[in-house]
Amino acid sequence: MEQYVIKGGTPLKGDVEIGGAKNAALAILAAAVMTDDSVIIRNVPDVRDVNVLLGAIEDIGAHVERIERNVVMINGSTISGLSVDYEYIKKIRASYYLLGALLGKYRRAEVALPGGCDIGTRPIDLHIKGFKALGADVDISYGLISAQAEKLEGAHIYLDKVSVGATINILMAASLSEGKTIIDNAAREPHVVDVANFLNSMGADIRGAGTESIRINGVKKLHGTEYSVIPDQIEAGTFMFAAAATHGDVTVRNVIPKHLEATTAKLLEAGCQVVEFDDAVRVIGTAPLHSTSVTTLPYPGFPTDMQPQMTAVLGLASGVSTVTESIWENRFKYVDELARMGANIRVESNVAIVTGVDHYTGARVQAPDLRAGAALVIAGLAADGITVVDDIYYIQRGYEAFSEKLQRLGATMEKVDSEREIQKFILKVS
């Protein structure tokens with residue numbers, strides 16, 4: 001099992017290039033099977049979740065070719081099966097996007113119930129509500145969710161709760177339905193907009209993505225396209241917070257600064273300097289950091305996927321901060337791991353009360369999920385001494401070349417896979 005071993009205490013400095021957005025890429029790759037033409041998708045991150053989804057798409061008969069590390073070609077004309085029970089698909093949440101894509105194209109689909117990080121219950125009731133509104137029969141049995149319809153007809157769908165997954169799934173199915181669909185209380189996240197733009201480039205008729213009301217005029221078929229995935233705002237934010245925690249000076253390149261406004265606002269409140277450019281953001285960490293309060297909210301609010309990283313930074317800020325998690329109920333599982341490093345955090349219900357400490361100390365910690373794992377790496381980079389982060393499988397689900405990018409910023413860390421390699425690293429840096 002691979003681990004990161006880190007010698008902390010070095011300010012990160014330099015430039016880092018951000019890759020394509022994992023959450024956008026997963027939905028776009030699923031949507032690519034909705035045409036029988038070839039689709040080329042650029043800026044696809046080479047991460048575990050993406051590779052699992054590509055394996056599942058290949059498993060149902062589609063042709064998948066990785067032209068370059070970050071360029072994928074998909075042709076869905078050879079799909080021979082509509083049941084997606086690929087061995088690894090249960091491990092990723094985005095498996096359900098194949099349901100909307102295949103239902104839209106073939107009027108029938110069956111997909112293994114999704115998994116992903118254990119950060120809380122993630123019901124798919126809104127997805128089912130949307131599919132049923134379009135005219136599909138939906139059934140859950142034997143660990144599979146299946147949907148089928150003689151025809152899909154446009155409908156007015158109100159989502160009781162803002163849901164990125166349901167918004168995207170309904171978008172896909174509705175794009176090939178008959179008539180007009182309106183999704184009210186739709187998610188506004190950048191990757192929702194990216195998926196809509198991708199579908200439009202294939203011939204779909206979607207308007208209003210990025211607002212609370214999305215209108216879709218169904219079309220008979222979609223065609224091939226070439227498309228580039230937007231930059232990953234969560235990867236960008238992670239490096240911005242790593243700069244803050246280590247009192248570094250990092251320029252994060254290939255980003256859309258508007259997507260980072262909530263993250264930037266909290267860094268400014270914490271006392272950092274942030275300079276925005278057309279496609280880059282520079283973060284200069286200051287000492288001491290200031291306490292502040294954070295509440296996670298759907299976009300354009302502060303993203304729940306940045307909450308653990310923010311907490312790791314606030315653990316080093318003077319004074320008392322509060323972090324309120326309004327999206328997922330299990331998102332504070334990493335707090336005990338930060339406590340091993342000297343953090344002073346008390347969790348009451350969905351609020352973490354963070355009393356800043358002067359410094360973290362290196363320890364052996366375990367990544368409980370993707371973003372929490374990134375937060376523990378940030379803490380290790382800022383800590384005195386050696387930190388070992390176990391279960392980095394989670395981190396590799398969403399960050400491409402994470403340790404390599406950090407090394408180029410001056411981090412003293414390595415990816416290892418044995419106790420012997422950990423000891424060699426410790427001897428080397430002592």
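Using alpha carbon coordinates only, what is the Rg to Rh ratio of region 27-117, with Rh defined as the Kirkwood radius?
Rounded to two decimals, Rg over Rh is 0.93.
Give the calculated FRET efficiency between Thr322 and Asp278 to the nearest 0.05, with a Förster radius of 25 Å applied to their Cβ-Cβ distance.
So the FRET efficiency works out to roughly 0.15.
Let me see the pair-distance distribution of region 281-430: every alpha carbon pair, 5 Å bin width, integer percents in order.
That works out to 2, 9, 18, 23, 21, 15, 8, 3, 1, 0, in percent per bin.
Using the scaling law 2.2 N^0.38 Å as the reference, what is the normalised Cα Rg of region 1-153?
1.18
Taking a ≥ b ≥ c as the square roots of the eigenvalues of the Cα gyration tensor of region 142-193, is the shape rounded (a/c under 1.5), prolate (a/b larger than b/c) or oblate?
oblate
Along each of the three principal axes of the Cα atoms of the chain, give the extent in whole Å, ordering the values from largest to smallest.
So the extents along the principal axes, rounded to whole Å, are 66, 43, 41.
Give me the 1.4 Å probe accessible area per residue for the chain, excluding ligands and nucleic acids, in Å².
So the chain comes to 38 Å² accessible per residue, rounded to a whole number.
Show me the three semi-axes of the equivalent ellipsoid for region 306-386, from the C-alpha gyration tensor (sqrt of 5 times each eigenvalue), largest first, rounded to whole Å.
Taking √(5λ) for each Cα gyration eigenvalue gives 18, 15, 10 Å.
Any idea which of Ala31, Thr251, Thr264 is furthest toward the positive side of the dipole for the chain, if Lys and Arg beta-carbons carry +1 and Asp and Glu beta-carbons -1?
Thr264
Over the alpha-carbon set of region 1-71, divide Rg by the Kirkwood Rh and report the Rg/Rh ratio to two decimals.
Expressed as Rg/Rh, it is 1.12.
Need one number: the % of Cα-Cα pairs in region 138-293 sitting beyond the 19 Å mark.
Beyond 19 Å sits 63 percent of the P(r) for region 138-293.
Can you find, among Ala94, Ile40, Gly76, the residue farthest towards the positive end of the dipole of region 1-98? Put +1 on the C-beta of Lys and Arg, -1 on that of Asp and Glu.
Of the options given, the answer is Ala94.
Under 1.5 on a/c is rounded, so check that first for region 240-335, then, if it is not, pick prolate when a/b is larger than b/c and oblate when it is not; a ≥ b ≥ c are the square roots of the alpha carbon gyration tensor eigenvalues.
oblate
Rounding to the nearest 10 and keeping the result within 0 to 90°, find how far the Cα-based axis of helix 164-175 lies from the longest principal axis of the chain.
Taking the Cα atoms of the chain, the angle to 164-175 is about 20 degrees.
Which is the longest part of the chain that has none of the chymotrypsin sites (Phe, Trp or Tyr not before Pro) sitting in a DSSP loop with at most 13 other Cβ atoms within 10 Å?
That gives 278-430 as the longest site-free run.
Modelling each spin label as a point 7 Å along the Cα-to-Cβ direction, I'd like the His359/Ser293 distance in nm, to one decimal.
So the label points at His359 and Ser293 sit 3.2 nm apart.
Using only Cα atoms, tell me the angle between helix 419-429 and the longest principal axis of the chain; keep it within 0 to 90° and round to the nearest 10.
Rounded to the nearest ten degrees, it is 50.
What are the principal axis extents of the Cα atoms in region 78-194, in Å, biggest first?
36, 33, 25 Å, listed from the longest principal axis down.
Give the percent of DSSP beta bridges with both residues in the chain that are antiparallel, rounded to the nearest 5.
70 percent
The values are calculated or read from the model by the stated rules, or taken from the named source; none is laboratory data. Here the structure is a predicted model, which is why all the values come from computation and not from measurement. Using ideal geometry, Cβ is built from the backbone for each residue, glycine included, and neighbour counts are taken over all protein chains shown. When the accessible area is computed, the model is the full protein with side chains, heavy atoms only, and any ligands, DNA or RNA have been set aside. Shrake-Rupley method; radii C 1.70, N 1.55, O 1.52, S 1.80 Å.
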